[in-house]
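A short write-up of the structure that comes next.
The values are calculated or read from the model by the stated rules, or taken from the named source; none is laboratory data. Note that the structure is predicted; figures quoted are calculated from it, not measured. Don't worry about glycine lacking a Cβ; one is built from the backbone with ideal geometry, like all the others, and counts go over all protein chains shown. Accessible surface is based on the protein model in full, side chains and every heavy atom, while ligands, DNA and RNA are left aside. Shrake-Rupley method; radii C 1.70, N 1.55, O 1.52, S 1.80 Å.
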Amino acid sequence: MTELFEKQSQTAGLPPGTLIHVGEKHHKKTRITVIDYDSHNLEEKQLNSIEESFAFRDKPSITWINIDGLEDLSVIEKIDDHFGIHPLVLEDIVNTTQRPKVDDYEDYLFIVAKMIYFDEKNKDLIDEQVSFILGSNSVISFQEKQGDVFDFIRERLRANKGRVRKLGSDYLVYLLLDALVDHYFLVLEKLGDKIELLEDRILEKPDVHTPQEIHQLKRKIIFLRKQIWPMREVLSNLQRKDSKLIKKTSFVYLRDVYDHTIQVIDTIESFRDMLSGLHDIYLSTISNKMNEIMKVLTIFAAIFIPLTFIAGIYGMNFEFMPELKWPFGYAYALGLMLVVALSLLTYFKRNKWI
């Protein structure tokens, strides 16, 4: 899981707009794909260089350019030269510690979001910054590495399903944001299953590793909250912006994604409360088990105290003790001890202490 607090010392003191890649190093070649489409035609291909995408800029069709890999800064610089993207935007694209946000530059919108998925191999959360530049007829997306949650959108474009090829670039951005938010639900389902299993274990058989597991889940929830909470502001701002790039017909779709984001945030808050409750339950369970142990020990002590007292009395070898030379003295002492022990057990049971 990415650290809760990202280190950004690499960019300290540099002039604004300086391109420095901040984030995980994947050491893979940048992959550039393009999908150009309208209601009748679709062209999809992988490009060998960013220059090949420049021909799509002035086409009337909708163009989706996707760039996987941000370590090759020359690719980002060439986008600035041809598409006229502000240097501060490019700086935010290669600095993958950005908070989700939306900035309006009149001719285009710059959107930062987070893609989060669950690593089944390491049983951990992985986050990846995804940036979008929304133009009048184009969408440029930037990802840290290959692989995303947008495959079903590509399939819908290829098969011409739904209304995606009949609407503009703003609808495509809606679909991309909706895919990110919907994938949050899958992550929350896995975390919810872990919390339920942990709850059952705490109630049945807590162990010394339980507090550590609770702490790890709390960190995951805090991490999710940190990444997802700003998405509410992003979607709210997209609905309120008076931008020529977002048609009024898209507001209803953005509102739907906003509702889903609120639902995700509510679930995260519920999980956080549940984990706090699990910690209290763990402490209560341990305390109850300790009380049970202490109760058993106290009962044994309460029974053996009078027996020890009797044994102590008859262990004193004074010459004139009445039962000292009595033939049945030993049996009498043992019988007295047995009567006292049984009387105490009966008393404890009648009072429901055992």
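For segment 29-37, the criterion of a residue being free of Cβ contacts under 8 Å to residues at least 40 places away in the same chain, closer than 23 Å to Val112 by Cβ and surrounded by 18 or more Cβ atoms within 10 Å (Cβ to Cβ) is satisfied by at least one position.
Residues that are touching a Ser or Thr at 6+ places or on another chain (Cβ under 8 Å), of a type in the set (Val, Ile, Thr) and either surrounded by fewer than 18 Cβ atoms within 10 Å (Cβ to Cβ) or at pLDDT below 90 (or both): does segment 120-130 have at least one? Checked against the condition, which is being touching a Ser or Thr at 6+ places or on another chain (Cβ under 8 Å), of a type in the set (Val, Ile, Thr) and either surrounded by fewer than 18 Cβ atoms within 10 Å (Cβ to Cβ) or at pLDDT below 90 (or both), segment 120-130 yields at least one hit.
Could we say that Tyr117 is more than 23 Å from Ser49 (Cβ to Cβ), open to solvent by 10 Å² or more (accessible area, probe 1.4 Å) and touching a strand residue (DSSP E or B) at 6+ places or on another chain (Cβ under 6 Å) here? Against the criterion (more than 23 Å from Ser49 (Cβ to Cβ), open to solvent by 10 Å² or more (accessible area, probe 1.4 Å) and touching a strand residue (DSSP E or B) at 6+ places or on another chain (Cβ under 6 Å)), Tyr117 qualifies.
You will find that of Tyr184, Tyr174, the residue that is within 14 Å of the chain's Cα centre (by Cα), surrounded by 14 or more Cβ atoms within 10 Å (Cβ to Cβ) and within 25 Å of Gly147 (Cα to Cα) is Tyr184 and no other.
Picking from Lys114, Lys123, which residue would you name as being at positive phi and among the basic types (Lys, Arg)?
Only one candidate qualifies: Lys123.
Taking segment 298-330 as the search range and keeping residues that are out of contact with any helix residue (DSSP H, G or I) (no Cβ under 9 Å at 6 or more places or on another chain), among the aliphatic types (A, V, I, L, M) and at pLDDT 85 or above, which one is least open to solvent (accessible area, probe 1.4 Å)? Per the criteria, the residue is Ala301.
Residue check: Phe223 meets all listed conditions (1) open to solvent by less than 60 Å² (accessible area, probe 1.4 Å); (2) without any contact (Cβ under 8 Å) to a residue 40 or more places away in the chain but one, namely (2).
Residues Val208, Val149: which one is under 24 Å from Glu120 (Cβ atoms), assigned to a loop (DSSP other than H, G, I, E, B), over 12 Å from the mean Cα position of the chain (by Cα) and among the β-branched types (Val, Ile, Thr)? After applying the criteria, what remains is Val149. Taking the criterion of being of a type outside the set (D, E, K, R), assigned to a strand (DSSP E or B) and within 19 Å of Val181 (Cα to Cα), the only residue of segment 78-108 that qualifies is Val102.
Taking the condition of being open to solvent by 70 Å² or more (accessible area, probe 1.4 Å) and touching a helix residue (DSSP H, G or I) at 6+ places or on another chain (Cβ under 8 Å), how many residues in segment 187-206 meet it?
Adding up the residues that qualify gives 3.
Mind checking whether some residue in segment 214-233 is in a helix (DSSP H, G or I) and over 18 Å from the mean Cα position of the chain (by Cα)? Within segment 214-233, one or more residues are in a helix (DSSP H, G or I) and over 18 Å from the mean Cα position of the chain (by Cα).
Rundown of residues vs (1) touching a residue at least 12 places away in the same chain (Cβ under 8 Å); (2) in contact with a Lys or Arg (Cβ under 6 Å, 6 or more places away or on another chain); (3) under 14 Å from Ile111 (Cα atoms), yes/no style:
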| residue | (1), (2), (3) |
| --- | --- |
| Ser138 | yes, no, yes |
| Phe150 | yes, no, no |
| Glu155 | no, no, no |
| Val164 | no, yes, no |
| Gly168 | yes, no, no |
| Tyr174 | yes, no, yes |
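Count of segment 42-74 residues, restricted to those that are open to solvent by 20 Å² or more (accessible area, probe 1.4 Å) and not in a strand (DSSP E or B), is 14. Please go through segment 227-274 and pick out each residue that is open to solvent by less than 30 Å² (accessible area, probe 1.4 Å), among the hydrophobic types (A, V, I, L, M, F, W, C) and either under 22 Å from Thr96 (Cβ atoms) or modelled with pLDDT of 90 or more (or both). Of everything in segment 227-274, those that are open to solvent by less than 30 Å² (accessible area, probe 1.4 Å), among the hydrophobic types (A, V, I, L, M, F, W, C) and either under 22 Å from Thr96 (Cβ atoms) or modelled with pLDDT of 90 or more (or both) turn out to be Ile228, Met231, Val234, Leu235, Leu238, Leu254, Val257, Val264, Ile265, Ile268, Phe271.
For Pro100, the conditions (1) open to solvent by less than 30 Å² (accessible area, probe 1.4 Å); (2) under 23 Å from Val164 (Cα atoms); (3) of a type outside the set (D, E, K, R) all hold with the exception of (2).
Is it the case that His209 is surrounded by fewer than 19 Cβ atoms within 10 Å (Cβ to Cβ) and either in contact with an Asp or Glu (Cβ under 8 Å, 6 or more places away or on another chain) or farther than 29 Å from Glu44 by Cβ (or both)?
yes
All conditions in (1) of a type outside the set (A, V, I, L, M); (2) open to solvent by 80 Å² or more (accessible area, probe 1.4 Å); (3) over 30 Å from Asn351 (Cβ atoms) hold for Glu292, with the sole exception of (3).
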